[in-house]
Amino acid sequence: MAGDKNIKLSAKSSPGKAAAVQPVRTIDEEIKQTKPFVSPQQKAVVNLLFTYGWVSERFREMMHPLGLTIQQYNVLRILRGAGGPMSTNAIRDRMLDRMSDTSRLVDRLEKKKLVRKSTCPSDKRLVDVVITKEGQDKLLKMDQQEPGLGTVSQALTDEQAEQLSQLLDSLRSSDPTP
């Protein structure tokens, strides 16, 4: 992949397929880096942080017309995947951003009628949360938009996306804390 550093796959490619190549703006160019990075690892971390912001902005733009935040979208996907009631603590454990105030997120989703809360029958101290039909419909709209994300979902081949996921897993696995 070293020879691919100046190649970008076109956003018009179909998912998992490479398209016409175009020059890419490196992280150095994007952040106007004038001095060399201390190490390739530092450059990778800076690139990861920059790219996180870039991808997050694309998702915010995509979700804004649907009236959702990234965290709300995450909660809805968790509930859809669970296929049944979940406590707010169980939702928090599966969140991408575990610092989110899950109770408040669920309250906002309930006001939008995208989830329904009820007291857990086996433990009255817990609240069960389920996704509503409206919440399912909202996710279906989002699912239909996801392939249209262009460079976010289509810039990498299936193999490149898998390799990136493996590298990110390796990075997280290097941290001894769970």
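The values are calculated or read from the model by the stated rules, or taken from the named source; none is laboratory data. Quick caveat: nothing in here was measured; it's all calculated off a predicted structure. Methodologically, a virtual Cβ is constructed for each residue, glycine included, from the backbone with ideal geometry; neighbour enumeration extends over all protein chains shown.
Of note, Gln72 does not satisfy the criterion of being modelled with pLDDT of 90 or more and either assigned to a loop (DSSP other than H, G, I, E, B) or over 28 Å from Lys111 (Cα atoms) (or both). Counting only helices (runs of 4 or more DSSP H) that sit completely within segment 88-178, those holding 1 or more residues that are modelled with pLDDT of 90 or more and on the phi < 0 side of the Ramachandran plot correspond to 88-94, 102-111, 133-145, 158-173.
Scanning segment 77-133 for residues that are of a type in the set (S, T, N, Q), more than 20 Å from the chain's Cα centre (by Cα) and surrounded by 16 or more Cβ atoms within 10 Å (Cβ to Cβ) yields a count of 2.
So, Phe59, is that one at pLDDT below 85, in a helix (DSSP H, G or I), hydrophobic (A, V, I, L, M, F, W, C) and under 30 Å from Ser174 (Cα atoms) or not? The answer is yes for Phe59.
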